[in-house]
1. For region 138-152, does any single residue satisfy the condition of being assigned to a helix (DSSP H, G or I), touching a residue at least 40 places away in the same chain (Cβ under 8 Å) and more than 15 Å from the chain's Cα centre (by Cα)?
2. Residue check: is ALA96 over 30 Å from ASP125 (Cα atoms), in contact with a Gly (Cβ under 9 Å, 6 or more places away or on another chain) and assigned to a helix (DSSP H, G or I)?
3. Hey, among THR76, THR127, which residue is of a type in the set (S, T, N, Q), closer than 30 Å to LEU270 by Cβ, surrounded by 20 or more Cβ atoms within 10 Å (Cβ to Cβ) and in contact (Cβ under 8 Å) with a residue 60 or more places away in the chain?
4. Can you find a residue that is within 21 Å of ILE379 (Cα to Cα), at pLDDT 85 or above and either of a type in the set (Gly, Ala, Ser) or touching a Ser or Thr at 6+ places or on another chain (Cβ under 8 Å) (or both) anywhere in region 237-245?
5. Could you list all residues from region 29-49 that are under 17 Å from the mean Cα position of the chain (by Cα) and modelled with pLDDT under 85?
6. When you scan region 194-217, do you find a residue that is within 22 Å of the chain's Cα centre (by Cα), assigned to a helix (DSSP H, G or I), surrounded by fewer than 23 Cβ atoms within 10 Å (Cβ to Cβ) and modelled with pLDDT under 80, even just one?
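The values are calculated or read from the model by the stated rules, or taken from the named source; none is laboratory data. Here the structure is a predicted model, which means the values were calculated and not measured. Virtual Cβ from ideal backbone geometry, glycine too; neighbours counted across all protein chains shown.
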Amino acid sequence: MKKPSVLIIFLTVFIDLIGFGIVVPLVPLYSRDFQAGGFLIGTIIAAFSAMQFVFAPIWGHLSDRIGRRPVLLLSTAGAAVSYALFAIGSGLTRPAAALTIMLISRAFAGACGGNIGVAQAYIADITPPEQRSRRMGLIGMAFGLGFVFGPIIGGLSLKFLGSTGPGWVAAGFCLANFLLAFMILGESHRPNSEHAPARPRLTQWRHTMSQPKIGLLVMVFFLATFCFSCFEVTLPLLVTDNFHINVQHDRRTASTITYLFAYCAVIGALVQGGLTGRAVRRLGEPRVIGLSLLLTGLSLVPLPLIHGTAPASLAGMFQAGGSAWLVLLGVLGVLSIGSSLTRPPLFGLLSVLTPAAEQGANLGVAQAAGSLARILGPIFAAPLFMTHPLLPYFTCAVIAILTGLITLRRLHTTGPRRASLATRA
């Protein structure tokens, strides 16, 4: 019988996120190339999260009933199909047809996107409470590493295989992930005498949000994800505009966008794989969450104010106009540190406060809240960016800073160690 393993779930999330990372930085650029306006760009990006919002709690509750493994297998197979659709759509010549297929592909990917929430429940199944923040950091590291290699592979696929290449390569990675998980992923969930009641969707939301600290953590995750999704959708547009990069006529230079995403992901993976655990041991989960949001908010302010010239190559980033690129890399580095420190301690604390029989359901609600933020963020940020590039960044900076201050005030504990146990009351 296959044994549950942190390493195997790490690999499953990592490979899945490679496929996700290949496509995501290119979606706003492809959409604008096909003559989509700000609202339509936001809608295509939000389609993934809209469907994930509907299905994540369903997958979470289903995983509490039938096990984590079948849900992970189903979502991974669906992701492979969705990226194949994306490849087909990105190769069409008629803008209306291409945008329609891209919208369908992102919606279908979101419907199958139960991986992260169920993976977190998987980790909670096999990890003692006092180690969960560190183990959640490993999932965050897998998530981050997927975004390290995904954008790089996406940029190379775009450069050497053309516009359809990234979609087909992402589909191939997800198919390989399905086969790997099918062969070696063991089941982690073991039914016990505690049975969570099967609640309707809205009832489950009310039940989760009615628990003061759990409800607050879900709300903090929603706002943090909202701010990051606004940054994620507008960064490709901001860099192409502020650094005069023409995606249609120079795909080699356009690959720079994917490398910036990879750079952010490298920093995020390093932070979540090492710094998170030490920060939580020294400061406790509430302080780490609050300070990470403050850092994120402060780093959003200067981003739209940085201007430079398009590099002739990757090395050109450090030659003509290099000072602007260095400033951009510095600010993105600080933002990556801040945003990467939020998720692991938040979900570690959330899992400690959640009864064992409701891990999947409550984490599913939290994941759905994140999906709701990813629905609203792109629809909010893309049109606002088209009005003025400063607006989404300054707005999200205010939101992140205020959320960080509220978190420090409401969840702050006097002892830096074992903060998660101190907040059970």
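1. The first filter runs over region 138-152 and keeps only residues assigned to a helix (DSSP H, G or I), leaving 138-152.
Adding the requirement that they be touching a residue at least 40 places away in the same chain (Cβ under 8 Å) leaves 138-152.
Now narrow it down to the ones that are more than 15 Å from the chain's Cα centre (by Cα): 152.
Scanning region 138-152, I find at least one residue that is assigned to a helix (DSSP H, G or I), touching a residue at least 40 places away in the same chain (Cβ under 8 Å) and more than 15 Å from the chain's Cα centre (by Cα), so the answer is yes.
2. Working: over 30 Å from ASP125 (Cα atoms): yes; in contact with a Gly (Cβ under 9 Å, 6 or more places away or on another chain): no; assigned to a helix (DSSP H, G or I): yes.
When the stated conditions are applied, ALA96 does not pass them.
3. On the way: THR127 fails: surrounded by 20 or more Cβ atoms within 10 Å (Cβ to Cβ).
Only one candidate passes the filter, namely THR76.
4. There is at least one residue in region 237-245 that is within 21 Å of ILE379 (Cα to Cα), at pLDDT 85 or above and either of a type in the set (Gly, Ala, Ser) or touching a Ser or Thr at 6+ places or on another chain (Cβ under 8 Å) (or both).
5. PHE48, SER49
6. Among the residues of region 194-217, at least one is within 22 Å of the chain's Cα centre (by Cα), assigned to a helix (DSSP H, G or I), surrounded by fewer than 23 Cβ atoms within 10 Å (Cβ to Cβ) and modelled with pLDDT under 80, which makes the answer yes.
To keep it simple, each residue is scored yes or no on (1) surrounded by 23 or more Cβ atoms within 10 Å (Cβ to Cβ); (2) at pLDDT 85 or above; (3) under 30 Å from GLU285 (Cα atoms); (4) not aliphatic (A, V, I, L, M).
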residue: ARG68; (1), (2), (3), (4): yes, no, yes, yes
residue: VAL81; (1), (2), (3), (4): no, yes, no, no
residue: ALA84; (1), (2), (3), (4): no, yes, no, no
residue: GLY91; (1), (2), (3), (4): no, yes, no, yes
residue: PRO95; (1), (2), (3), (4): no, yes, no, yes
residue: GLY114; (1), (2), (3), (4): yes, no, yes, yes
residue: ILE123; (1), (2), (3), (4): yes, no, yes, no
residue: MET141; (1), (2), (3), (4): yes, no, yes, no
residue: ILE152; (1), (2), (3), (4): no, yes, no, no
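Yes/no matrix, rows are residues, columns are (1) in a helix (DSSP H, G or I); (2) of a type in the set (Gly, Ala, Ser); (3) under 25 Å from PRO236 (Cα atoms); (4) at pLDDT 80 or above:
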site	(1), (2), (3), (4)
ALA357	yes, yes, no, no
LEU363	yes, no, no, no
ILE375	yes, no, yes, yes
PHE385	yes, no, yes, yes
